[in-house]
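The values are calculated or read from the model by the stated rules, or taken from the named source; none is laboratory data. Note that the structure is predicted; figures quoted are calculated from it, not measured. Here the Cβ positions follow ideal geometry from the backbone for every residue, glycine too, while neighbour counts run over all protein chains shown.
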């Protein structure tokens with residue numbers, strides 16, 4: 001997934017995506033999945049539009065693409081107590097928030 005997003009960004013930036021069918025094919029997903037990815041990127045603030053002149057998706061302004069993924073180990077917790085604790089209280093407990 002991360003590689004797909006990087007590829008999407010590079011092709012959008014270079015204006016070489018082609019139309020939706022070609023773009024989906026280039027990144028190896030269905031057209032509906034492509035539309036979902038574009039929708040999510042737009043929701044994150046990516047100024048993406050389809051440019052009929054270039055026959056490519058493009059950014060409407062310069063952007064810097066930053067993708068961050070972080071995994072945090074959480075201490076082992078007795079599962080029997082987890083069933084009755086609201087999620088926020090559980091996370092507060094794990095991270096020592098009072």
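Here are the numbers for the structure shown:
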read-out: Criterion violated by residue 19 - all others in (1) more than 16 Å from residue 5 (Cβ to Cβ); (2) surrounded by fewer than 13 Cβ atoms within 10 Å (Cβ to Cβ); (3) in contact (Cβ under 8 Å) with a residue 24 or more places away in the chain satisfied; value: (2)
read-out: Pairs, first at positive phi in region 50-67, second surrounded by 13 or more Cβ atoms within 10 Å (Cβ to Cβ) and in a loop (DSSP other than H, G, I, E, B), C-beta under 8 Å, six or more apart; value: 55/18; 55/19
read-out: Selection within region 46-66 - surrounded by 10 or more Cβ atoms within 10 Å (Cβ to Cβ) and modelled with pLDDT under 90; value: 65
read-out: Residue within region 30-45 that is surrounded by 15 or more Cβ atoms within 10 Å (Cβ to Cβ), in contact with a helix residue (DSSP H, G or I) (Cβ under 8 Å, 6 or more places away or on another chain) and in a loop (DSSP other than H, G, I, E, B) present; value: no
